[in-house]
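Visitor: So that we are looking at the same thing, I have put the structure below in structure tokens.
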Amino acid sequence: MKAVKANLLYDGLGNVLRDVYVVFDRDIVDVTKEKPKEAEIMAEGVVTPAFIDGHSHIGMDRYGEPYQEGEANEQMDAVLPLVDALYSIYMDDKAFKHSIEFGVLYSSVLPGSGNIIGGKAVFIKNYGRDIEEAFIKYAGVKAAFGYNPRSTTSWKGTRPSTRMGAIGILLSWLIKTQKTIALLEKGKKEPEEVEPTVEALIPVLKGEVPLRVHVHKEDDIAALLMIKRKFGLNITIEHAGDVHSRETFEKIKREGVPVIYGPFDAHPYKVELKHEDWKNARYLLEVRPLFGLMSDHPVTLQANLYLQLRHFIRLGMSKGEAIKVITHNNAKILGVDDKLGSVERGKWASLVVWNGDPFHLENYPTHVFAEGELIHEADY
């Protein structure tokens, strides 16, 4: 049995506890004021759950490699639900090591936003030796609205030049899949007759798999919500960087749609981000739909994910609630809150011990544990 002493514990649920011990093997066994008699005290300091990146391309666009070797987008067609992000991740990307050093142990990795449907998203362990060991689960199917899919007219396949064209292509596949489901249910079509692309979209149309949609502008979000209602889709909104009104977040909350927000601190390099401003997050905090935070690595470095929390704190969020955004909230949105996201009995013992409050610029992780194993210890 092992333990860490938390002079201060951010438990991932918004609570801040003082002078407690976290006792663990692979999983957390107890959180107690009493010093455990049978446990080895491995470290002491400020303790947080391991951080979770809600949306990234880590391992696909890699440190020290030319952009031509990046694999975030597959250019062979605009609708590719069978493309699997896992197979373009390389675990020897040095970014994983840097992320671990700053407490980010888990990543949701998605294909990029150049395609209307880009492929399967995966949720992985940053400390996996290879992709098989890193894989935890699939985490939805990526889709994209806005400028990005209409900027790829030089790529192969059917490509849109307008937003309405991109949505038209998406609708054609949703309708085709919807009709296929109806034929299957009536016995007018056999499962083996269904083409693979449509077969891959059937769980999306049934709401069994979330459609994770890159979308920035308020009008694009309105269009997405209309389509969500029409087809009964299970969606997440990814980015929302150009949302600059309370009303749009109120609409999102009424629909019960979660948001993986951000990233902060990225250059707004296109017209659809002309309203981007860190202060827009005040509307998000006023309305409070379920939301997490992303690095969008390499757009911002995943290792710096927790630094983005300073904006929420400046806008009035407590430190405990800020930690919750990149732990419990991201875990809940990604469907892994039974294992990760908070320091509670039965959860994985994936913990970060800091030499002081992580919100003080001079502080850093001294010990990082993944499923009970010490995987990083700072040497300076």
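Visitor: Counting only residues that are touching a Ser or Thr at 6+ places or on another chain (Cβ under 7 Å) and more than 15 Å from PHE51 (Cβ to Cβ), which one in the stretch 80-108 is surrounded by the most Cβ atoms within 10 Å (Cβ to Cβ)? Full working, then the answer.
Guide: First, the residues of the stretch 80-108 that are touching a Ser or Thr at 6+ places or on another chain (Cβ under 7 Å): 81-82, 103, 105, 107-108.
Now restrict to residues that are more than 15 Å from PHE51 (Cβ to Cβ): 81-82.
Details: PRO81: 26, LEU82: 14.
Looking at the filtered set, the residue picked out is PRO81.
Visitor: Let me ask you something else. Could you count how many residues in the stretch 336-352 are more than 13 Å from VAL31 (Cα to Cα) and in contact with a Phe, Trp or Tyr (Cβ under 8 Å, 6 or more places away or on another chain)?
Guide: Final tally of qualifying residues: 5.
Visitor: Here is a further query. Restricting to the stretch 55-76, what's the tally of residues that are touching a residue at least 40 places away in the same chain (Cβ under 8 Å) and either assigned to a loop (DSSP other than H, G, I, E, B) or not assigned by TED's automatic domain parsing to the domain that holds SER154 (or both)? Break it down stepwise before answering.
Guide: Taking the stretch 55-76 as the starting set, the residues that turn out to be touching a residue at least 40 places away in the same chain (Cβ under 8 Å) are 55-61, 72-76.
Imposing the further condition that a residue be either assigned to a loop (DSSP other than H, G, I, E, B) or not assigned by TED's automatic domain parsing to the domain that holds SER154 (or both) reduces the set to 57-61, 72-76.
Residues meeting the conditions: 10.
Visitor: Name the residue, out of VAL299, VAL325, VAL343, VAL336, that is among the β-branched types (Val, Ile, Thr) and more than 18 Å from the chain's Cα centre (by Cα).
Guide: Details: VAL299 fails: more than 18 Å from the chain's Cα centre (by Cα); VAL325 fails: more than 18 Å from the chain's Cα centre (by Cα); VAL336 fails: more than 18 Å from the chain's Cα centre (by Cα).
Testing whether each residue is among the β-branched types (Val, Ile, Thr) and more than 18 Å from the chain's Cα centre (by Cα) leaves just VAL343.
Visitor: Which pairs have Cβ atoms under 6 Å, sit 6 or more apart or on different chains, and link a residue in the stretch 303-316 that is assigned to a helix (DSSP H, G or I) to one that is charged (D, E, K, R)?
Guide: Final answer for the pair search is LEU305/ASP53.
Visitor: For the stretch 92-108, what are the residues that are touching a helix residue (DSSP H, G or I) at 6+ places or on another chain (Cβ under 6 Å) and either in a loop (DSSP other than H, G, I, E, B) or of a type in the set (Asp, Glu) (or both)?
Guide: Answer for the stretch 92-108, where residues must be touching a helix residue (DSSP H, G or I) at 6+ places or on another chain (Cβ under 6 Å) and either in a loop (DSSP other than H, G, I, E, B) or of a type in the set (Asp, Glu) (or both): just PHE102.
Visitor: Considering only residues that are aromatic (Phe, Trp, Tyr) and part of a strand (DSSP E or B), look in the stretch 348-380 and name the one that is farthest from SER99 (Cα to Cα).
Guide: Our first condition is that a residue be aromatic (Phe, Trp, Tyr); within the stretch 348-380, this holds for 348, 354, 359, 364, 369, 380.
Adding the requirement that they be part of a strand (DSSP E or B) leaves 348, 354, 369.
Working: TRP348: 18, TRP354: 15, PHE369: 13 Å.
Residue satisfying both the conditions and the ranking: TRP348.
Visitor: Name the pairs: first residue in the stretch 228-252 and free of Cβ contacts under 8 Å to residues at least 12 places away in the same chain and closer than 17 Å to TRP278 by Cα, second residue buried (at least 18 other Cβ atoms within 10 Å of the Cβ) and among the basic types (Lys, Arg), Cβ to Cβ under 9 Å, at least 6 apart or on different chains?
Guide: Hits for this filter: zero, empty list.
Visitor: Would you check which residues across the stretch 169-203 are over 14 Å from ALA144 (Cβ atoms) and under 27 Å from the mean Cα position of the chain (by Cα) and list them? Explain how you work it out, then say what you get.
Guide: Within the stretch 169-203, the subset over 14 Å from ALA144 (Cβ atoms) is 171-172, 174-203.
Scanning the stretch 169-203 gives LEU171, LEU174, THR177, PRO196, THR197, VAL198, GLU199, ALA200, LEU201, ILE202, PRO203.
The values are calculated or read from the model by the stated rules, or taken from the named source; none is laboratory data. These numbers come from a predicted model, not from an experiment. Methodologically, a virtual Cβ is constructed for each residue, glycine included, from the backbone with ideal geometry; neighbour enumeration extends over all protein chains shown.
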